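One structure below.
FYI, it's all coordinate maths here, none of it is from the lab. These numbers come from a predicted model, not from an experiment. Here Cβ is always computed from backbone atoms with ideal geometry, including for glycine, and neighbour counts include all displayed protein chains.
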Amino acid sequence: MRPAILFISAALLIGIATGCGGKSSQSTAQTTDGTATSAAATSLPEGSKPFKMNPADFTTEIDHPYWPMRPGSRWIFRETDAQGSVSRVVVTVLDKTKTIMGIEARIVHDQVSEDGEVKEDTFDWYAQDAEGNLWYLGEDTTEYENGKPKTKEGSWEAGVDGAFAGVILPAHSQVGMTYREEYYKGHAEDGASILSVDAFAKVPYGTFAHGIQTRNFSGIEPDTIEEKIYAKGVGVVLEITVSGGSDRTELVSYKEG
């Protein structure tokens, strides 16, 4: 078992011990900016519940400390699955936007390839609200097989066919926060909980401390649990499947836009 997985598992136990049951907790804890706040004081979307969103409160100038998205920024990841297959994942922030529910969203291109052949090509849509929460408003994704489009399963857009936007990272992450990342019934039902705001990760791109660690789950695949670590000023640096698989995705390079 890899040392990083041992760390992740230990952090999961820490998260449980410190009360990661959800944002409704009345406890006071330290956030990523060092301030003390009550989890109950922060309003985040949950499950399939509607959440009021005012387009005037959103911007495409995404400067979240733990995942800034400036046009031109690019992340390259190495993804290894349980069978040992290795994929290259390139994530690029485009200088393009899309209007969703009246909200102007930043377009981010995410392409997965294996042995030089594209396996998945996705355009994700993000925006940041006035409080600093990083929102996810949908994706247009295509899976390929033998160089030809196979399916667009997983594509969704907030406000269309009952789909709801979600939060990828709260403005001030606090251990115990639980929130919706995306919701399109039967197609995209992801959520996350904050496990730590002092996480450590070592990946090919570098070594990072004091990161945000999330536990990511899906209502569609309840047996699959992932954990991610976000580094300040960079974004996601490590993703590991801790239940229902053993995939590992680690940051190889990053170029700020």
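If the segment from residue 56 to residue 256 were pulled out straight at 0.36 nm per residue, it would be longer than the present Cα-Cα gap by 69.3 nm. Taking amide hydrogens as placed 1.01 Å from N in the peptide plane, the amide H of residue 246 sits under 5 Å from those of 82, each at least 5 positions away in sequence or on another chain. Cα centroid separation, the range 160-175 to the range 202-257: 17 Å. Per-residue 3J(HN,Hα) values for the range 63-76, derived from phi via the Karplus relation 6.51 cos²θ - 1.76 cosθ + 1.60 with θ = phi - 60°, read 10, 4, x, 9, 6, x, 10, 8, x, x, 5, 9, 10, 10 Hz in sequence order (x marks Gly and Pro).
Backbone phi angles across the range 247-257, fed through the Karplus curve with coefficients 6.51, -1.76 and 1.60 (θ = phi - 60°), yield HN-Hα couplings of 5, 9, 10, 10, 6, 9, 8, 8, 10, 6, x Hz in residue order; Gly and Pro are listed as x. Close amide H partners of residue 188, meaning residues 5 or more places away or on another chain with modelled amide H under 5 Å apart, do not exist here. Taking amide H as placed 1.01 Å from N in the peptide plane, the amide H of residue 135 sits under 5 Å from that of 127, 128, 129, 168, each at least 5 places away or on another chain. Annotation: for a label point projected 7 angstrom from Cα along Cα→Cβ of residue 80, residues of the range 227-249 with backbone N closer than 16 Å are 238-242, 245-249.
Would you please classify the overall shape of the range 120-164 from the alpha carbon gyration tensor, given that a ≥ b ≥ c denote the square roots of the eigenvalues, rounded means a/c under 1.5, and beyond that prolate means a/b larger than b/c while oblate covers the rest? Oblate is the answer for the range 120-164, as a/c is 1.5 or above yet b/c matches or exceeds a/b.
With a/c under 1.5 counting as rounded, go ahead and sort the range 84-203 into rounded, prolate or oblate using the C-alpha gyration tensor (a ≥ b ≥ c being the square roots of the eigenvalues; past the cut-off, prolate if a/b is larger than b/c, else oblate). Oblate is the answer for the range 84-203, as a/c is 1.5 or above yet b/c matches or exceeds a/b. Using a cutoff of 8 angstrom between alpha carbon atoms and counting only pairs six or more residues apart, the relative contact order for the range 143-253 works out to 16 percent.
Computed from phi, the 3J(HN,Hα) profile of the range 233-239 under the Karplus parametrisation 6.51, -1.76, 1.60 (θ = phi - 60°) reads x, 10, x, 5, 10, 8, 10 Hz, with x in place of Gly and Pro.
In this structure, residue 145 and residue 109 have a Cβ-Cβ separation that, at R0 = 25 Å, corresponds to a calculated FRET efficiency of about 0.80.
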